[in-house]
Amino acid sequence: MNVKKAIIPAAGLGTRFLPATKAMPKEMLPIVDKPTIQYIVEEAIESGVEDIIIVTGKGKRAIEDHFDHSFELEQNLLDKGKFELLSEVQKSSKLVDIHYIRQKEPKGLGHAIWCARKFIGDEPFAVLLGDDIVKAETPCLKQMIDQYNLYNASILGVQKVDETEVSRYGIVDGSKIDKRLYKVHNLVEKPKQLEAPSNLAILGRYILSPRIFDILSNQKPGAGGEIQLTDAIAELNKYETVYAYDFEGTRYDVGEKLGFIQTTLEFALKREDLRNSVLNYLEALMEKELNDSVNRN
Ligand code: G1P
């Protein structure tokens, strides 16, 4: 069966970016001039996904507005002859059919995914987390769908992370069966560095068998008191083979401040209209900072 549906959970409170996220969804924070969630939606579409469901929560209306038409704004840009901007604005509303469901209580990622069960039904589906943006020649999810088509089993998108960082992720205990593919033996959500079975971290991309919903229905809270998707996948692995795929590409962590700043800078430097001025600015800034620190010492 083909993977045609995707879930994008976007119900999180965004506490790492307060106060910016007090009245605005963190998924709408822009990298240069595009909200982070649009990068995720575009990756899903470029990977062949036809239907997307975004799991939202309280205060997330701006996401729905972003992927909808904005008649006043479009008319205004048209009247002013700003056709390039007009087509950019229209792009987000023309992307694909996006559906929405609310997670009524913040009970964790596993629970958010479970909220979309009726929309998915009995077919394999993708999950894309908004904190991880991946730049790759072949979109990250497409690489995983290609693997799914070969193995017909659940697949987790992974990459190695620094050993000091394992406690931020779902970590895979697996054995390598091909150049980039691992057979999963077990999974641990946010282990302590000394207890981690490896440094292979799940980085926000999954293809899952619909059987996960039955498991999620009975899943007890795990790390952080939340219903964890990782725990449910570890359970699924007892009944069906689960693989982990070390995807190609650079992954950007836009879910924390430093990663967000790094992503903004790198993406700006890749833009022709910004590259030179940003580089010049950075050079001048570095020089000033160095001089200042020499003078201070
Ligand atoms: C979630 C998952 C974790 C995964 C991570 C990737 O954690 O629970 O397994 O490794 O996303 O970004 P969160 O960052 O939401 O705490």
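The values are calculated or read from the model by the stated rules, or taken from the named source; none is laboratory data. Every value quoted in this text rests on a predicted model; they were computed, and no experiment measured them. As a convention, Cβ positions derive from the backbone with ideal geometry for all residues, glycine included, and neighbour counts pool all protein chains shown. Ligands, DNA and RNA are stripped out before the accessible areas are found, and what is left, the full protein with its side chains, is counted by its heavy atoms. Shrake-Rupley method; radii C 1.70, N 1.55, O 1.52, S 1.80 Å.
Points worth noting:
- The range 177-235, relative contact order in percent, only Cα pairs under 8 angstrom and at least six apart counted: 42
- Calculated FRET efficiency for the pair GLU84/LEU265, C-beta based, R₀ 35 Å, to 0.05: 0.90
- Centroid-to-centroid separation of the range 233-285 and the range 10-26 [C-alpha atoms, Å]: 19
- Taking the Kirkwood radius as Rh and the Cα radius of gyration as Rg, the chain has a ratio of Rg/Rh equal to 1.00.
- Counting all C-alpha pairs of the range 1-51, share separated by more than 15 Å (%): 54
- Between amide H atoms placed 1.01 Å from N, distances below 5 Å from TYR252 occur with ILE133, VAL134, LYS135, all of them 5 or more places distant or on a separate chain.
- Per residue value of the accessible surface for the chain (all protein chains in place, 1.4 Å probe), Å²: 54
- Using θ = phi - 60° in the Karplus curve 6.51 cos²θ - 1.76 cosθ + 1.60, the 3J(HN,Hα) couplings for the range 10-16 round to 9, 9, x, 7, x, 4, 5 Hz; x is entered for Gly and Pro.
- Pair-distance distribution P(r) for the range 1-147, from all Cα-Cα distances in 10 Å bins starting at 0: 11, 38, 35, 14, 2 percent.
- Among ASP292, ASP68, ASP132, the order of accessible area from largest down is ASP68, ASP292, ASP132, computed with a 1.4 Å probe on protein heavy atoms.
- Of VAL89, ALA232, ILE145, farthest towards positive along the dipole that unit charges on Lys, Arg, Asp, Glu beta carbons give the chain: ALA232
- Computed E for ASP214/THR164 - FRET, C-beta separation, R0 30 angstrom, nearest 0.05: 0.25
- Relative contact order, percent, the range 56-204 [alpha-carbon distance under 8 Å, six or more residues apart]: 18
- Relative contact order [Cα under 8 Å, 6+ residues apart], the chain, whole percent: 21
- Portion, in percent, of the accessible area of the chain that falls on carbon or sulfur, probe 1.4 Å: 50
- For the range 150-279, the Kirkwood radius over C-alpha pairs fed into Stokes-Einstein at 25 °C and 0.890 mPa s yields D = 152 µm² per second.
- Restriction of the GluC sites (Glu not before Pro) in the range 79-148 to DSSP coil positions whose beta-carbon has at most 12 other beta-carbons within 10 angstrom yields GLU137.
- Note on VAL32 and SER293: with the Förster distance fixed at 30 Å, the Cβ-Cβ geometry gives a FRET efficiency of about 0.55.
- Neighbour-limited loop hits for trypsin sites (Lys or Arg not before Pro), the range 1-43 (at most 16 other Cβ within 10 Å; DSSP other than H, G, I, E, B): LYS4, LYS22
- Helix 83-94 and the longest principal axis of the C-alpha atoms of the chain enclose an angle of approximately 20°.
- If the chain linking HIS99 and GLU248 were pulled fully straight, counting 0.36 nm for each residue of separation and taking away their Cα-Cα distance, it would gain 50.7 nm.
- Residues in the range 93-136 that a label on LEU274 would reach, taking backbone N under 16 Å of a point 7 Å out along Cα→Cβ: 133-135
- Spin-label pair ASP146-HIS69: with each label point 7 Å from Cα along the Cα-Cβ axis, the two points sit 3.8 nm from one another.
- A P(r) calculated from all alpha carbon pairs of the range 188-242, with 5 Å bins opening at zero, reads 4, 17, 27, 26, 19, 6, 1 percent.
- In the range 140-215, trypsin sites (Lys or Arg not before Pro) in a DSSP loop with at most 11 other beta-carbon atoms within 10 Å: LYS179, LYS192
- Above-threshold pairs, the threshold being 29 Å between Cα atoms, out of LYS26/LYS80; LYS94/LYS183; LYS160/LYS288; LYS80/LYS142; LYS26/LYS142; LYS94/LYS220: LYS26/LYS80; LYS94/LYS183; LYS160/LYS288; LYS80/LYS142; LYS94/LYS220
- Taking 23 Å as the limit for the C-alpha separation, the pairs LYS107/LYS135; LYS107/LYS176; LYS82/LYS135; LYS60/LYS91; LYS176/LYS257 exceed it in the case of LYS107/LYS135; LYS107/LYS176; LYS82/LYS135; LYS176/LYS257.
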